[in-house]
Amino acid sequence: MQNHKLYSRLFLLPAFVLYTVLFILPVIGGLYYSFTNWSVTKPMISFIGFDNYREIFFSSGSYLKSIYHTLSFTMYTVIFKVIIGLGLALLLNEGLKTKKTLRTLFFLPYTLSPLIIGILFVSILGPDGPLNIILRFIGLEQLTHSWLTEKNVALGSTMGVEVWRMVGWNMVILLAGLQTIPKSYYEASSLDGASSWRQFLSITIPFLMPTLMIATILNIIHGLRVFEIVYALTNGGPGDLTEVINTQVYREFSVGRYGMSNALSMVAFVFTLIIAYLIKLVSSSEEASS
């Protein structure tokens, strides 16, 4: 019995070492440097306590805006990605003859590089781009904008592109969840006279809840780590209108403020950790009560 336990623990050792070297040590290193003034302009690295964090949360710079933009980006994109993804999954779960083709088409944007999507949408959303041309053609000129440079629509436009890119991925996750629900439940409820809406509320949603929870957690983590799509579309501009935490991290690192860059990374890391933990806590309590 004891040999069996020792054998199992030895098998865990390579994974533990790899996880420590590739994840734990870089995080500890980043945490340490976030409390220093490490910079290309400083010959010596000195410990400065919470000065970097004080600058992030209490200065008049754009750091707080980038945190606010990141949280807004995450919240709105998660809502739309999951709802639209669920709608498409329900639509393509059965019934349509072209469902395989449509599944491929909706999933296709996820396979493209965010940088390629960014370059594509910079043209589409430009002042004289195809979107504004179509709006003018159908008589909706008042709705035309410079989508990536105007104050009121720039951040929303980046969210829209992100939703378009990721909705197919959500559809695939939720579609897999839908196909695990036994058909017999729907057949039995139909015999009892349940409407489609009642079946959706009483069968689909409860059975799909674990998949919805996983999709939501993954989307939240993805949203809090957003960088490529914003960088490719607006580079955080104009001004700081679409600045998110990771574009700030990149900007600080580019100018050689490595201590501040690490502090911003730690802020993003802690936000991700707290939100993921809270959602896990809620899902665990729901599972325990059910």
Collect residues whose amide H, placed 1.01 Å from N in the peptide plane, falls under 5 Å from the amide H of His145; neighbours closer than 5 in sequence don't count.
none
How long are the three semi-axes of the equivalent ellipsoid of region 115-165, in whole Å, if each is the root of 5 times an eigenvalue of the C-alpha gyration tensor, listed from largest down?
18, 12, 9
What are the residues whose amide H is under 5 Å from the amide H of Thr36, where those residues sit 5 or more places off or on another chain and H is modelled from the backbone?
Ile48
In region 1-139, carbon and sulfur make up what percent of the accessible area (probe 1.4 Å)?
74
Taking 8 Å as the Cα distance limit and 6 or more residues as the minimum spacing, I'd like the relative contact order of the chain as a percentage.
29
Report D for the chain in µm² per second (integer): Stokes-Einstein, Kirkwood Rh on Cα pairs, 4 °C, 1.567 mPa s.
58
Percent breakdown of C-alpha pair distances by 10 Å bin, ordered from the shortest bin, for region 153-248:
14, 33, 22, 17, 10, 3, 0
Probe 1.4 Å - accessible area at Phe35, Å² to nearest ten:
40
Asp240, Asp128, reordered so the largest accessible area comes first (probe 1.4 Å):
Asp128, Asp240
Largest-first ranking of Phe58, Phe121, Phe23, Phe271 by accessible area, probe 1.4 Å, whole protein assembly kept, is Phe58, Phe23, Phe271, Phe121
Karplus-derived HN-Hα couplings along region 260-271 (A = 6.51, B = -1.76, C = 1.60, θ = phi - 60°), whole Hz, x at Gly and Pro
5, 4, 5, 5, 5, 4, 5, 4, 4, 4, 5, 4
Take every Cα-Cα distance within region 1-142, group them into 10 Å bins from 0 onward, and report for each bin the whole-number percent of pairs it holds.
8, 14, 22, 23, 19, 11, 2, 1
Fully extended, how many nm does the chain gain between Phe253 and Thr41 (0.36 nm per residue separation, minus their Cα-Cα distance)?
75.1 nm
How long is the gain from Phe16 to Leu71 if the chain were fully straight, where each residue apart is worth 0.36 nm and the alpha carbon distance is subtracted?
16.6 nm
Please compute the per residue accessible area over region 89-155 with all protein chains in place, 1.4 Å probe, rounded to a whole number of Å².
68
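The values are calculated or read from the model by the stated rules, or taken from the named source; none is laboratory data. The structure presented is a predicted model; accordingly, all values stated were derived computationally and were not measured. Ligands, DNA and RNA are excluded from the accessible area calculation, which covers all protein heavy atoms including side chains. Shrake-Rupley method; radii C 1.70, N 1.55, O 1.52, S 1.80 Å.
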